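Trainee: I have a structure I would like to understand better, so I am pasting it below and will then ask my questions one at a time.
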Amino acid sequence: MPRLTRWYLRSALLYLVLALLVALLLAARPLAMLPPALLRLQPTFFHLFMVGWVTQLIFGVVYWMFPKYSREQPHRSETLAWSTFILLNLGLLLRVIAEPLHSPGETSPWGFLLALSALLQWFAGVGFVINTWSRVKVR
Amino acid sequence: MPRLSAYAAHAALIHLLTGFTFGGLMLADKGIPIHPSLVRLLPAHIDLLLFGWTAQLAMAVAYWILPRHSQAPKRGNERIAQISFIALNLGVLLVGFSPWAGLAEVLHFAGRTMQFLGIAAFIYIALPRVKPSGSTG
């Protein structure tokens, strides 16, 4: 298994645990009389699960198992693949921090960080598609 | 990988990119308001990424790597697999973009019906291939 895939799978598992911890907190909110502001974590929970766990698991396995790009460059661009991993994780972490702290409709530094998080994750998506597209081959 | 898996994987990558673009726009809008109508991208964002990307990529890979039958058609009825691919993608587009069209509820229902048919057709050809490798049948 390539080193990048191991990084993807380990961080995916970490995000799975994190997603479930946030879900636990959301479930405890009405029972423990926790503040209603915690409801802002709902989209954070979905994205920790779907981007952090599901998408990273898929990205890691595709990088490993899809047909080789060429004998010299089996995974096409290693640099682009690592950049994708870093951008996706930076973007997601920024979202996890900024989203609960930002009040929608207000201008705040957290709002700018949310927009930056969107941009980083979008670049990660573009990087993954570019690196994977030509590895989808008919044999 | 077989041609149909390649088509489905490429379609899944297009859905991923479109879904990420819509999600990125909505998230950026949450941080720095861009346009109030961007929230209408939510159903497309969800359907493109859940069905168009995640489910379709899993189906593409399953069609490629599940154990093959010993006799032709080795990967099951190809026509049904093609119907599954077309129905799923039409369904995703109909559900995702119905909020912008007239008859939104009708298109939404038609899209869900197409998605159901696409998934059911896939299960019909994939299920008999869920067997120990090398077994006959």
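Nothing in this text is a laboratory measurement; each read-out follows from the coordinates by a stated rule. For clarity, every value in this text was computed on a predicted model and none was experimentally measured. Note that each Cβ is placed from the backbone with ideal geometry, even for glycine, and that neighbours are counted across all protein chains shown.
Trainee: Using only helices, what value at 222 nm comes out for chain B when you add -39,500 (n - 2.57) per DSSP H run of length 4 or more and divide by the total residues, to the nearest 500 deg cm²/dmol?
Mentor: -21500 deg cm²/dmol
Trainee: How high is the relative contact order of chain A? Use alpha-carbon pairs under 8 Å, at least six apart in sequence, and give a whole percent.
Mentor: For chain A, the relative contact order is 27 percent.
Trainee: Right, another one. Under the Karplus relation 6.51 cos²θ - 1.76 cosθ + 1.60, θ = phi - 60°, what is the ordered set of whole-Hz ³J(HN,Hα) values for region A:118-130, x standing for Gly and Pro?
Mentor: Rounded to whole hertz, the list is 4, 5, 4, 5, 5, 4, 4, x, 4, x, 5, 5, 4.
Trainee: Would you give the gap between the C-alpha center of region A:1-67 and the C-alpha center of region B:78-132, rounded to a whole Å?
Mentor: Each part reduced to its Cα centre gives a spacing of 27 Å.
Trainee: Taking only Cα atoms, what is the 0 to 90° angle, nearest 10, from helix A:3-28's long axis to the longest principal axis of chain A?
Mentor: Roughly 20 degrees between the two axes.
Trainee: Further question on the same structure: Add -39500 (n - 2.57) for each DSSP H run of 4 or more in chain A, then divide by its residues: what number comes out at 222 nm, to the nearest 500 deg cm²/dmol?
Mentor: Counting only the DSSP helices, I get -22500 deg cm²/dmol.
Trainee: Same structure again: Return P(r) of the protein assembly as shown (all Cα-Cα pairs; 10 Å bins starting at 0; whole %; ordered from short to long distances).
Mentor: Reading upward from the zero bin: 7, 25, 31, 25, 9, 2, 0.
Trainee: Could you list B:S133, A:S77 so that the one with the fewest beta carbons within 10 Å of its beta carbon is first and the one with the most is last?
Mentor: B:S133, A:S77
Trainee: Give me, ordered by chain and number, the residues 5 or more places off A:S108 or on other chains with an amide H under 5 Å from its own placed amide H.
Mentor: Distant-sequence amide H within range of A:S108: zero hits.
Trainee: Rounded to a whole number, what is D in µm²/s for region A:59-112 from Stokes-Einstein with the Kirkwood radius over alpha-carbon pairs (4 °C, 1.567 mPa s)?
Mentor: It comes out at roughly 95 µm²/s.
Trainee: Sorted from fewest to most neighbouring beta carbons within 10 Å, what does the list A:H75, B:H35, B:H10, B:H15 look like?
Mentor: By the 10 Å Cβ count, ascending, the order reads B:H35, B:H10, A:H75, B:H15.
Trainee: Can you spot the lysines whose alpha carbon is less than 21 Å from A:K68's alpha carbon? Ignore those fewer than 8 places along the same chain.
Mentor: Within the straight-line limit of under 21 Å, A:K68 reaches these lysines: A:K137.
Trainee: Same structure again: Relative contact order (percent) for chain B, with alpha-carbon contacts under 8 angstrom and 6 or more residues of separation?
Mentor: Reported as a whole number, the value is 27 percent.
Trainee: Sort B:L48, B:L93, A:L92 so the one with the fewest other Cβ atoms within 10 Å of its own Cβ comes first.
Mentor: Exposure proxy ranking, most exposed first: B:L93, A:L92, B:L48.
Trainee: Return one number: the angle in degrees, 0 to 90 and rounded to the nearest 10, between the long axis of the Cα atoms of helix B:104-126 and the longest principal axis of the Cα atoms of chain B.
Mentor: So the inclination is approximately 20 degrees.
Trainee: Treating the angle as unsigned and between 0 and 90°, give the value, to the nearest 10°, between the Cα long axis of helix A:56-65 and the longest Cα principal axis of chain A.
Mentor: Once rounded, one gets 10 degrees.
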